[in-house]
Amino acid sequence: MTPAKHLRGYALLHDARFNKGSAFTQAERDALGLDGLLPDQVQDIQVQVARVHNQLEAIADDLQKYLFLSDLQGRNQTLFYAVLMSDPARFMPLVYTPTVGEACQKFDHVFRGTRGLYLPITAKGRVRELMKNWPEDDLRFIVVTDGERILGLGDLGVGGMGIPIGKLALYTACAGVPPDLTLPVTLDVGTNNQDLREDPLYLGLRQERVRGAEYHAFVDEFVSAVQELYPKCCIQWEDFANFNAYAILDRYRDQICTYNDDIQGTAAVALAGLYGAIRISGRKLSEQTVLFLGGGAAATGIAELISEAMALEGLTIEQARGRNWLYDIQGLITAGRDGLTDFQKPFSHEHPAVASFVEAIESIKPTAIVGVSTVPKLFNRAVIEAMSRINPRPIIFPYSNPTSHSECTAQEAYSWSAGRAIFASGSPFDPVDFAGKTFIPGQGNNVYIFPAIGLAVLATEARRVTQQMFICAAQAVAEQVTQDQLDSGLIYPPQSRILEASLHAATRVAQLVFDHGLARVPRPADVAAHVRSFAYAPVYPSYV
Ligand code: NAI
């Protein structure tokens, strides 16, 4: 992208989309009225990146680093992405979880400037008008939240905006989705967080959350405005309360290009872990039996996607669901239990009562256990030993976040299984030395999935985002793990090569989109090259 003709001189230096700072060449300085506005030296972007690394080194506190990077994004977008993409594994935790959680909690106190659109429900009837204030004509990706269930932190009102901003930074840094085609949005429908409403610095609407028909009419107005103004745009719903998240996804998933990362991306990354694990244990997905500790949103979402993936291997969906079991705070979920949700019912099977999770393991004989209970330490020694008696290579996935809630640590899983566990967790763990071997635990991070889905949608102008696209992305992630990595216990690709992993997954998903007739562009001869041609690189264009 080159700046509009009128953008030159001082204004050019202050437009983050086009600013190059000290990298403006002398010819550009002469031609664009920049002479005298910059110090003498012309520096390339590598020098600028090195300077940012040094500046970050000097900051001790992660929130301050986040704010520094956020300021950089507002000053020089290309340099911001060059920094992120110089070492994604290092910068992801600074621009997204865990640091973004604190940034959202303190949003009103650390507020300096922001990116994106705030749509208050008081502007109902005028959403299209507000959206037209955004300066770009073409948008392909919106991440939108209403701030009600931000990470595990609850209702943060407009402070939730940190999540769409951070997530979209990862779409770009991890898969090359061009930043100018993305937009973070907050639907401000009020907050039920009384502390926020009473905080004089709070920036959002000071009212209780709007619910019911009025809320859904507002969401409808937003979706219609996006469809009208940006018909190729995919909408990703993020961190809505569960009851709204499912209702919204069900309402729009068969009508527009849309998905919910908390529900579908999360399930896909867990499925990717399972596909990776069975490359070690050597049995087909449809031969696995999975027992979940937890029967909530994460468990049922993952169980459903695993079932659909098992069905692709020839099982009926009922047979597949029959291989997925839930064990929640009341014990094993069996057929006929009162009060089951519609999401739990498919995974409630006939079974005699069991007294404990260990007894459930001994009776059901799962090949994998997945912890999504939010409760730490429930995968105790007895649990891991029971799994290890039944399975030569037990699959142990404690996925509850953050680290302090993990159902077990990597060290515990490897030592209690005598080094036989195939382990991955929701939060990262350091490598573990056990019995003369170094094990590298994998982290089931959604970042393996959503940026790749984003790039595939962009390159194909997909009409819909389907469950099979997530299954395909999961397979594509798992197939990239090398034999050496599998030998060290790693079942996800290393985060340091996330861009390559995402490009591969995006290509596989794009192929599926073409195969299924969901693309709005003709199928190119070389899908991989086509996908790559859309990927943004943080390189300054020449303006003269
Ligand atoms: P939720 O609150 O909907 O469900 C929690 C479930 O755990 C409930 O069914 C509850 O009955 C059960 N539970 C609570 N205490 C228990 C106990 N002592 N024994 C057995 N079951 C118990 O929560 P949600 O949304 O399903 O998330 C669960 C966890 O999974 C969170 O920590 C979340 O961070 C994590 N998660 C991690 C992901 C990842 O790493 N990719 C993806 C999605 C979720």
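Extending 7 Å from the Cα toward the beta-carbon at both Leu201 and Asp487 defines two label points whose distance is 5.3 nm.
On the principal axes of its alpha carbon atoms, region 206-308 extends 51, 32, 21 Å, with the longest extent given first. Taken along the Cα-to-beta-carbon direction at a fixed 7 Å, the label points for Gln330 and Arg497 span 4.8 nm. With coordinates expressed along the principal axes, the C-alpha atoms belonging to region 116-273 extend over 41, 38, 28 Å, beginning with the largest.
Ignoring ligands, DNA and RNA, please state the percent of accessible area on region 64-120 from carbon and sulfur, probe 1.4 Å. Looking at region 64-120 in its full context, I get 51 percent from C and S. Tally Lys and Arg at +1 and Asp and Glu at -1 over the other residues with C-beta under 11 Å from the C-beta of Glu208: what net charge comes out? Residues close to Glu208 contribute a combined charge of +3. Relative to the dominant Cα principal axis of the chain, helix 45-57 is inclined by about 60°. Over all orientations, region 14-93 has a Cα convex hull whose mean projected area works out to 5.4 square nanometres.
The Cα-based radius of gyration of region 183-234, divided by its Kirkwood radius, gives an Rg/Rh of 1.09. Counting only DSSP H runs of at least 4 residues, each contributing -39500 (n - 2.57), and dividing by the residue count of the chain, the helix-based mean residue ellipticity at 222 nm comes to -12500 deg cm²/dmol. Count Lys and Arg as plus one, Asp and Glu as minus one, and take only other residues whose Cβ is under 11 Å from that of Glu57; the net charge is then +2. A full extension of the chain between Ala528 and Asp515 corresponds to an added length of 3.3 nm, given 0.36 nm per residue minus the alpha carbon distance. Normalised by 2.2 N^0.38 Å, where N is the number of residues, the alpha-carbon radius of gyration of region 279-363 equals 1.06.
The accessible surface of region 299-350, taken with every protein chain in place and a 1.4 Å probe, is 50 percent carbon and sulfur. In this label model, Glu313 and Glu228 are separated by 4.8 nm, measuring between points 7 Å along each Cα→Cβ vector. For the listed peptides 168-180, 464-476, a ranking on the average number of other beta carbons within 10 Å per residue, highest first, reads 168-180, 464-476.
For a modelled paramagnetic label at Lys377, 7 Å from Cα along Cα-to-Cβ, the residues of region 394-418 in reach, with backbone nitrogen under 20 Å, are 397-417. Derived scalar couplings between HN and Hα for region 91-106 equal 8, 3, x, 8, 8, 10, 5, x, 4, 4, x, 5, 4, 5, 4, 9 Hz in order, rounded to whole Hz, by the Karplus curve 6.51 cos²θ - 1.76 cosθ + 1.60 (θ = phi - 60°), x for Gly and Pro.
Report the net charge of residues surrounding Val219, where surrounding means a beta-carbon distance below 11 angstrom and charges are Lys +1, Arg +1, Asp -1, Glu -1. Net local charge, Val219 excluded: -2. Cβ-Cβ distance of Asn54 and Glu214, R₀ of 41 Å, FRET efficiency by 1/(1 + (r/R0)^6): the value works out to about 0.20. Protection proxy ranking, highest mean first, for peptides 208-214, 135-141, 97-103: 97-103, 135-141, 208-214, where packing is the per-residue count of other beta-carbon atoms within 10 Å, averaged. Annotation: per residue accessible area for the chain equals 40 Å², rounded to a whole number [probe 1.4 Å, protein chains only]. Over all pairs of different C-alpha atoms, the chain has a mean inverse distance whose reciprocal, the Kirkwood radius, equals 24.5 Å. For region 222-281, a/c is not less than 1.5, where a ≥ b ≥ c are the root eigenvalues of the C-alpha gyration tensor, and a/b tops b/c. That puts it in the prolate class. Report the normalised scattering of region 475-520 as log10 I(q)/I(0) at q = 0.14, 0.16, 0.20 Å⁻¹, calculated by the Debye formula with identical scatterers on the alpha carbons. With no solvent term, the Cα-only Debye profile gives -0.40, -0.49, -0.66. Whole-Hz Karplus values for region 197-209 come out as 4, 8, 7, x, 8, 4, 9, x, 5, 8, 8, 4, 4 Hz, taken residue by residue from phi with 6.51 cos²θ - 1.76 cosθ + 1.60 and θ = phi - 60°; glycine and proline positions read x. From the largest down, region 1-156 spans 50, 42, 27 angstrom on the principal axes of its Cα atoms.
Once backbone amide H atoms are built at 1.01 Å from N, Gly331 has no partners under 5 Å, excluding neighbours fewer than 5 places away on the same chain. Highest mean first, the peptides 378-387, 394-403 sorted by other C-beta atoms within 10 Å per residue fall in the order 394-403, 378-387. Give me the log10 of I(q) over I(0) for region 347-434 at q = 0.12, 0.23, 0.26 Å⁻¹, as the Debye formula computes it from C-alpha points; what are the numbers? Relative scattering, expressed as log10 I(q)/I(0), comes to -0.33, -1.13, -1.35. Would region 325-473 count as rounded, prolate or oblate if I go by the C-alpha gyration tensor, calling it rounded below 1.5 in a/c and otherwise prolate when a/b exceeds b/c, oblate otherwise? It comes out oblate by the Cα gyration axes.
State log₁₀ I(q)/I(0) for region 136-201 at q = 0.20 Å⁻¹ as given by the Debye formula over alpha-carbon point scatterers of equal weight, solvent excluded. Values returned for q = 0.20 Å⁻¹ are -0.78. Taking the DSSP bridge list for the chain and keeping only pairs wholly inside it, about 15 percent are antiparallel. Rounded, prolate or oblate: pick one for region 191-264, where a ≥ b ≥ c are the square roots of the eigenvalues of its C-alpha gyration tensor, a/c under 1.5 means rounded, and failing that, prolate if a/b is larger than b/c, else oblate. Prolate, because a/c is 1.5 or more and a/b exceeds b/c.
The values are calculated or read from the model by the stated rules, or taken from the named source; none is laboratory data. The structure presented is a predicted model; accordingly, all values stated were derived computationally and were not measured. Here Cβ is always computed from backbone atoms with ideal geometry, including for glycine, and neighbour counts include all displayed protein chains. To get the accessible areas, we keep the full protein, side chains included, count just its heavy atoms, and leave off ligands, DNA and RNA. Shrake-Rupley method; radii C 1.70, N 1.55, O 1.52, S 1.80 Å.
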